[in-house]
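Q: Have a look at this one.
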Amino acid sequence: MRRDVDSFVPPANDIAVEGNMSPDFNGNEGGPTGNLTDEKQTTLNIAENLIGTEGVRAIADVLHVNHKITSLDISGSGLVDTDALVLADILQNAPCLRELILSHNKFCGEGGMILGSAIAMNDTLRILDLSWNHLRGKGAMAIVAALQKNIGLRKLDISWNGYGKDECFILSHALQENTTLKELDISNNRLNKEAIKHLLDGIQNGDGLETLRIRGNPVSPELALAIIKVIQESENCRIQQLDMGDIDVNEDFVSVVDDITMYRPFEVLYSNVLKHGGLQKREVEGIDYNVNMVDELFKYMHENNYRVIDLMKWLDKDGSMSVSRDEFKQGMKTAQFPLTEFQLDKMVDELDMDGDGEVDFSELLAGERIFRRRMRRRLEREKANAKRRAEFKRTKVLLTIGEHS
């Protein structure tokens, strides 16, 4: 979970020192963080500080005294495998902790195994975010194996790691045992056909999971169809939300989704619908005149957890917080953003709101706000349309029943 420092004002019972870049969080009264041992504090956000081993030990000391902290965000702290021992101590000795955000750190095999053992013994944590680490192999297996014993977690985010076939084999067994985990995000991993098969075994025979996110994996339209059919046909499966955001599907997939929504609440996100007899893609000869390129940029940033400031730092080499048209285009090409020269020019034209030939930080922020408003309105329209379709189907079913009664 990332928060924008410029827009986030912590309430009286929160402490937020995101991006402070300092390992000293002992909380003197006159310091910027207030008193961390004050039991009125319930939320501690120290994201993007690179606090390292010294900092996480200081936090553990605080949590030994303050038993009211319910949410701890230490994402982007430069934590490595050996620091997992301190986190295991926190999980054991902070019974009020409900949310732990550990994304954008460097936990690998050993760290995953240590954390897995701690998670298995913990029954009070509700939300755990381990996205953007280096979990694979035994470390990744240990995290999901812990779900067989854990009865507390409701939401687990392991996106942007290295989960593949072997790790999903363990996950499959865990999902069949665990009935309390409600949301799993395994987006942007290495879920090939074999890995998806194991995952489907867990979904088919488990009865706890309600939300599954698997976008950003190498899933073909045929494999997507197999997934949705398992959700449709399983008597135990309780999934109500399926996020396959950037995955193409075929018309059969859409048909199955329509069948599911006739009988129970179900929402699914996917990318293009490929027609029978040929693929319908977004681009025609490399250019799509209907797609808003600025929306595509911010959509990509949102899906990959990039902030506007991250984009500006990437593009801005001289620290002026402004880039020329050529600098912007070259930055997009270096990042291998899949746009043609025409599309790049179209993007810069829209972002350069004052027409001075440059894109500055304030214009990027304004562009993001416009994007969010568009997405919000689109979501509202989609919800309204879905509601109308559901009402129409219910009416049709009632009419059919009336005709046969």
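Just so it is clear, none of the values below were taken in a lab; they were calculated from the coordinates. Owing to the predicted nature of the structure, the values given are computational and were not obtained by experimental measurement. All Cβ positions, even for glycine, are placed from backbone atoms using ideal geometry, and neighbour counts span all protein chains on display.
Q: How would Ser234, Ser159 line up from fewest to most surrounding beta-carbon atoms within 10 angstrom?
A: Least crowded to most crowded, the residues run Ser234, Ser159.
Q: Another question, if that's okay. What is the calculated FRET efficiency for Leu274 to Ile151, with r their C-beta to C-beta distance and R₀ = 45 Å, to the nearest 0.05?
A: 0.60
Q: Follow-up. What relative contact order, as a whole-number percentage, does region 61-159 give when Cα pairs under 8 Å and 6 or more residues apart are counted?
A: Computed over region 61-159, the figure is 28 percent.
Q: Tell me, how many Å apart are the Cα centres for region 342-361 and for region 100-154?
A: Taking the Cα centre of each part, region 342-361 and region 100-154 sit 43 Å apart.
Q: Glu327 to Glu54: FRET efficiency via 1/(1 + (r/R0)^6), r the Cβ-Cβ distance, R0 45 Å, to the nearest 0.05?
A: About 0.75, to the nearest 0.05.
Q: A follow-up question, please. DSSP loop GluC sites (Glu not before Pro) in region 166-255 with at most 10 other Cβ atoms within 10 Å of their Cβ, which ones?
A: Glu235
Q: Taking only the alpha-carbon positions of region 159-244 and ignoring solvent, what does the Debye formula give for the base-10 log of I(q)/I(0) at q = 0.13, 0.20, 0.22 Å⁻¹?
A: -0.33, -0.85, -1.06
Q: Net charge around Ser172, counting only other residues with Cβ within less than 12 Å of its Cβ (Lys, Arg = +1; Asp, Glu = -1)?
A: So the environment of Ser172 carries a net charge of -3.
Q: Length gain on complete extension for the stretch Asp61 to Gln241, per 0.36 nm per residue less the alpha carbon to alpha carbon distance?
A: 60.9 nm
Q: For a quick size check, give me the Cα extents of region 14-274 along its three principal axes, largest first, whole Å.
A: Principal-axis extents of the Cα atoms in region 14-274, largest first: 63, 31, 28 Å.
Q: Over 29 Å between Cα atoms, which of Lys193/Lys333; Lys155/Lys317; Lys197/Lys275; Lys68/Lys299; Lys317/Lys346; Lys229/Lys387 qualify?
A: Cα-Cα > 29 Å for Lys193/Lys333; Lys155/Lys317; Lys68/Lys299; rest within.
Q: Val56: net charge of surrounding residues, Cβ under 11 Å, Lys/Arg +1, Asp/Glu -1, itself excluded?
A: So the environment of Val56 carries a net charge of -3.
Q: Next question, about the same structure. Local charge sum around Lys193 (other residues, Cβ-Cβ under 10 Å, Lys/Arg +1, Asp/Glu -1)?
A: Within the 10 Å Cβ shell, the charges total 0.
Q: If R0 is 51 Å, what FRET efficiency do you get for Lys197 and Ala366 from their C-beta distance, rounded to 0.05?
A: FRET efficiency, Lys197 to Ala366: 0.65.
Q: While we're looking at this one, here's another question. If neighbour count is taken as other Cβ atoms inside 10 Å, put Val359, Val65, Val268 in order from fewest to most.
A: Val65, Val268, Val359
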